[in-house]
1. Taking 0.36 nm per residue of sequence separation and subtracting the Cα-Cα distance, how much length would be gained by fully extending the chain between Glu66 and Gln170, in nm to one decimal?
2. If you put +1 on each Lys and Arg Cβ and -1 on each Asp and Glu Cβ, how big is the dipole of the stretch 103-207 around its Cα centre, in Debye rounded to 20?
3. Rounded to the nearest 0.05, what FRET efficiency is calculated for Ser206 and Glu131 with R0 set to 25 Å and r the Cβ-Cβ distance?
4. Could you work out the local net charge near Phe117, counting Lys and Arg as +1, Asp and Glu as -1, over the other residues with Cβ closer than 10 Å to its Cβ?
Amino acid sequence: MKLTAPVLLACAVVLSACTVDSPVPTDHGMHAHDLSLSSLESSINAQTLADIKQFSVKFHDVSVAEDSGFALLKLPPATAPDGCISSRAEGEGGMGYHYTRGTNIPDDSIGLLDPEFLVYAPKEGPRQDGEARTRLAAFEYFLPFTPKWPAPGTAGFQHAPTLHDFSTTQGLPDIAFVPTERFGGWMLHIWLWEHNPGGEFANWNSSVPLCEGSTF
């Protein structure tokens, strides 16, 4: 099962042709660069991450995710034809295949155990039955650009959303979301199951293979 452009647009995700995913000034919140999961040993951070891992462990089997209502996002040209997402821009890298329920995208909020996307990184090696082999790598929390969370430089913009703007993610570091014009919103990844040399809360991961057939 996949989500196509009309379905995702109905969920209020607005695409543009721009490929820039750039940081914006924030008056609160931390930046994700170089922040690792192993550095979050204190109490509430460690317990919250344990809760996320316990919730997500069943989704290592992608068929369990699909049975739970998650569907592969395919939205060329923002994704590769098979749905893979990566960036060849300097300092960026891979992400992988994003599975979403779609129903929680347009609600202007995020929930700790209700991620907008489960991210499966492609594995090296030959495809099986024409499909890339994948492994569960990350959660993505996503907020579309809306009047509540407008894009930088537009009317009403004050600051980037951060994890502490939402009640269920108070137990995580106060990381700021990053705007992505390519997908029309604010994104934040947590690389729970895949090492990220740029930091476990960075959006792109240089250790994840780039996508085949992507225009980015």
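FYI, it's all coordinate maths here, none of it is from the lab. These numbers were taken from a predicted model, which means no experiment stands behind them. Because the Cβ atoms are built from the backbone with ideal geometry, glycine has one as well, and the counts that use them run over all protein chains shown.
1. On the way: separation 104, 0.36 × 104 = 37.44 nm, distance 2.86 nm.
So the chain would gain 34.6 nm between Glu66 and Gln170.
2. Charge dipole of the stretch 103-207: 220 debye, to the nearest 20.
3. Efficiency at R0 = 25 Å is approximately 0.55.
4. Once positives and negatives cancel, what remains is -1.
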